[in-house]
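Here's the structure, in structure tokens; my notes come after.
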Amino acid sequence: MAKGNIGVTSDNIFPVIKKFLYSDHEIFLRELISNAVDATQKLKTLSSVGEVKGDLGDLKVRVTIDKAKKTLTVSDHGIGMTAEEIDKYINQIAFSGAEEFLNKYKDKTEAIIGHFGLGFYSAFMVSDKVEIFSLSYKDGAKAVHWSCKGDPEYEMEETIKAERGTDIVLHINSEFETYLEDSTIRSLLEKYCKFLPVAIVFGKKKEWKDGREVETDEDDQINDTNPAWMRKPADLTEEDYKKFYHQLYPDQYDEPLFHIHLNVDYPFHLTGILYFPKIKNQMDVRRHKIQLYCNQVFVTSEIDNIVPEYLTLLHGVIDSPDIPLNVSRSYLQSDQNVKKISSHITKKVADKLQEIINDDRAQAEQKWNDIKLFVQFGMLTDEKFYERAQKFALFENTDHQFFTLDEYKEKIKAEQTDKDDNLIVLYTQDTDANYSYVERAKQKGYDVLLLNGELDVHIISQAEQKNEKLRFVRVDSDVVENLIKKASEEQKALTETEQNALRYSFEGCLNNGDKTHYYVNVESVSADALPVFLTQNEFMRRMKEMSAHQQGMTFYTQMPDQYTLVLNSAHPLIQQLLADIKSATDAEAEPIEKQISEAEAEENKLREEQKQKKADELTEEEKKSVDDITKKTADLRAELKKVYEKHATEEKRIPQLIDVALLAAGKLTGESLAKFVNRTVEMM
Ligand code: ADP
């Protein structure tokens, strides 16, 4: 029997393995099985070039548990190892610069294992003792038994082993007895080995017989050795892709919408299949679904640094030996291969969507709402994707027709260009709430988009930034006559006194609170439009909507909703009301109005005079005289306002008109609605 010391320059690697690799001990199984698969693949290669003759026999890799002996064994029928090879590959571990490296990557299990080829040694994370029984394929080779108890000493001797290949026997440490449980091992095998290229067998298949589960003679194979992504697209049907999707995600019942088969040889190697899942809303988003493999060995489903964030909404597999797995996450982001892979995937995804819209427009439209969130997320976060997505991102109108932005611009150009040459896109976020606005816009020959997606408000801001002279205006933000301002028409405006009479009367009847604030505006719109209606400032509303999803933008969210109550002075009802207000209030209002205009005239005069002088030449007295007159005007105005307000409390038409405007905008509820109903009955 040979005895020796494991050849590492650092005194002892075992404490290192146990300490640093502590967190992720389950990967030992992946490492041992990968070695077994490699040894089997090597044997197949040797056989294919004629270096190994004859039938290779059973090549399955077997995992077995012996509960009584507390051992877990991984057996293969691969190339095996001679004593010299064990000495070279197992005993002599190249461990130069170990200290330095270990300090640097203290927390990165994978990095340490990968860097040092410590795959085999990871077995010591969970074992008190590890044994190797191996018989090399080489002619005349003698079987070897190696064993080591987790210290730098090992024993090696000749043994008897009938079959070619290697058995690795782990004497599981009492702390890790979970690795002697069938269920633990099965779930690890399913996680890491599901698509390995060599059959992995764990126990026998079971079946139900006479009311209980019994073992059959058939091996229970864990993996599919030829997964769809390794096959040629030409050999796969639509059904095969769907089947594979469910193989990847056994608990996912929805069918995927489309798939993309990736296959790149240059300048890096990458294969894989990506699926577009149905994404209805952000709540539904299940991230980290793409599984990353390295030569069919599962590595991780955390791929944030490998593909842009929006692509993590996709499902599927990526298999690449060129993604450096054993390095830190921040390093990954700057890695050139990773960057190339990422932009390649972006391109492929965009190409696929473009292809669908070119070749099967109906399908693209039908599925648009399911992939919209994904596409928009990509457009908002990835400039390159935005450029491509321009040509396939769709907008849906209220008649459920779909357009790309360019198509839509063309459609509305004639009717919806305003006097300043801006193209005005009208939209609604809720066809029910905006029903009357949408109808009126349509009657006028305008088209209205339906933008009710979670990211739509961001998408329209982006479209406005990228397209000069393109404006999005919500259909209820003004009366239809004002939505798209055509060449200015002569408007019969009211005098300022008349406007004030109306404004003050209505202001007195509006309830302004913390949540909503109403402004009153008098405009000569059209005799056909409603006498009074509500509009909402597009900019403020959108800022509020956008900031609702963003942290640190509470400023806008805390502002009250702002509406403008437009009094349409072209409408006969408003004209009649104004005449009635005037005759009822003139006796009181006129003298005040006269005083106001006198005070204003005096104020203007004073200001004119003082403009001639420099600020520091003004005496305190002069300054005060302006302040006094300003205050006087303000007081008079307040007085005037009171006159109108007092009158308004007796004038039922005013609250009635306000309520009609609120009702049309869907904002009349609760007590206000009940009051409106009662008042209407009274007035009739
Ligand atoms: P790596 O697999 O990363 O090279 P390991 O420590 O896991 O590092 O293995 C070291 C070497 O030992 C392998 O490269 C291989 O030559 C040999 N080896 C390990 N397991 C087996 C096996 N089951 N059959 C044949 N050779 C093996």
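The values are calculated or read from the model by the stated rules, or taken from the named source; none is laboratory data. Remember, it's a predicted structure, so these values are computed and weren't measured experimentally. Using ideal geometry, Cβ is built from the backbone for each residue, glycine included, and neighbour counts are taken over all protein chains shown. With ligands, DNA and RNA removed, areas are computed over all heavy atoms of the protein, side chains included. Shrake-Rupley method; radii C 1.70, N 1.55, O 1.52, S 1.80 Å.
Looking at the stretch 1-116, what strands (runs of 3 or more DSSP E) fall wholly within it and have at least 2 residues that are among the hydroxyl-bearing types (Ser, Thr, Tyr) and modelled with pLDDT of 60 or more?
So the answer is 71-76.
Give me a count of the residues in the stretch 130-173 that are among the polar types (S, T, N, Q) and touching a residue at least 40 places away in the same chain (Cβ under 8 Å).
Residues that pass the stated criteria total 4.
Going by the structure shown, is residue 348 open to solvent by 60 Å² or more (accessible area, probe 1.4 Å), in a helix (DSSP H, G or I) and modelled with pLDDT of 95 or more?
The answer is no for residue 348.
Looking at 606, 534, 567, which one is in contact with a strand residue (DSSP E or B) (Cβ under 6 Å, 6 or more places away or on another chain), modelled with pLDDT under 90 and either closer than 30 Å to residue 639 by Cβ or small (Gly, Ala, Ser) (or both)? Explain how you work it out, then say what you get.
Working: 606 fails: in contact with a strand residue (DSSP E or B) (Cβ under 6 Å, 6 or more places away or on another chain); 567 fails: modelled with pLDDT under 90.
Going through 606, 534, 567 in turn, just one is in contact with a strand residue (DSSP E or B) (Cβ under 6 Å, 6 or more places away or on another chain), modelled with pLDDT under 90 and either closer than 30 Å to residue 639 by Cβ or small (Gly, Ala, Ser) (or both): 534.
Answer yes if at least one residue in the stretch 53-73 is open to solvent by 20 Å² or more (accessible area, probe 1.4 Å), of a type outside the set (A, V, I, L, M) and within 9 Å of the ligand (Cβ to nearest atom), and no otherwise.
No.
Please determine, by comparing only the residues of the stretch 195-247 that are open to solvent by less than 40 Å² (accessible area, probe 1.4 Å), under 32 Å from the mean Cα position of the chain (by Cα) and touching a residue at least 60 places away in the same chain (Cβ under 8 Å), which one is farthest from residue 273 (Cα to Cα).
Residue satisfying both the conditions and the ranking: 196.
Please work out which residue is surrounded by the most Cβ atoms within 10 Å (Cβ to Cβ), limiting yourself to the stretch 118-136 and to residues that are more than 10 Å from the ligand (Cβ to nearest atom) and over 14 Å from residue 32 (Cβ atoms).
Checked the stretch 118-136; the qualifying residue surrounded by the most Cβ atoms within 10 Å (Cβ to Cβ) is 135.
Can you find a residue in the stretch 658-672 that is closer than 22 Å to residue 500 by Cβ, under 48 Å from the mean Cα position of the chain (by Cα) and open to solvent by less than 80 Å² (accessible area, probe 1.4 Å)?
Scanning the stretch 658-672, I find at least one residue that is closer than 22 Å to residue 500 by Cβ, under 48 Å from the mean Cα position of the chain (by Cα) and open to solvent by less than 80 Å² (accessible area, probe 1.4 Å), so the answer is yes.
Among the candidates 579, 529, which residue alone is open to solvent by 40 Å² or more (accessible area, probe 1.4 Å) and more than 31 Å from the chain's Cα centre (by Cα)? Don't jump to the end; show me each part of the working.
Values: 529 fails: open to solvent by 40 Å² or more (accessible area, probe 1.4 Å).
Checking each option against the conditions leaves just 579.
Hey, among the residues in the stretch 27-52 that are open to solvent by 40 Å² or more (accessible area, probe 1.4 Å) and more than 16 Å from the ligand (Cβ to nearest atom), which one's farthest from the chain's Cα centre (by Cα)?
49
If the Cβ limit is 6 Å and pairs must be 6+ apart or interchain, which residue in the stretch 621-650 that is farther than 13 Å from residue 603 by Cβ pairs with which residue that is open to solvent by 80 Å² or more (accessible area, probe 1.4 Å)?
643/588
Tell me which of these residue 486 doesn't satisfy, since it passes every other one: (1) under 26 Å from residue 659 (Cα atoms); (2) touching a residue at least 40 places away in the same chain (Cβ under 8 Å); (3) not aliphatic (A, V, I, L, M).
Residue 486 satisfies all of (1) under 26 Å from residue 659 (Cα atoms); (2) touching a residue at least 40 places away in the same chain (Cβ under 8 Å); (3) not aliphatic (A, V, I, L, M) except (1).
Which condition number does residue 393 fail, the rest of (1) within 17 Å of the chain's Cα centre (by Cα); (2) open to solvent by 20 Å² or more (accessible area, probe 1.4 Å); (3) at pLDDT 95 or above being met?
For residue 393, the exception is condition (2).
Does residue 357 satisfy the condition of being under 20 Å from residue 456 (Cα atoms) and not charged (D, E, K, R)?
Criteria not met by residue 357.
Give the stretch 162-221 a look and list any residue that's among the β-branched types (Val, Ile, Thr) and either within 16 Å of the ligand (Cβ to nearest atom) or under 23 Å from residue 70 (Cβ atoms) (or both), or say none.
From the stretch 162-221, those among the β-branched types (Val, Ile, Thr) are 166, 168-169, 172, 178, 184-185, 198, 200-201, 214, 216; that's our starting set.
Result: 166, 168, 169, 172, 178, 184, 185, 198, 200, 201.
Considering only residues that are among the β-branched types (Val, Ile, Thr) and either assigned to a strand (DSSP E or B) or modelled with pLDDT of 95 or more (or both), which ones fall in the stretch 117-159?
130, 132, 144, 159 - these are the residues of the stretch 117-159 that are among the β-branched types (Val, Ile, Thr) and either assigned to a strand (DSSP E or B) or modelled with pLDDT of 95 or more (or both).
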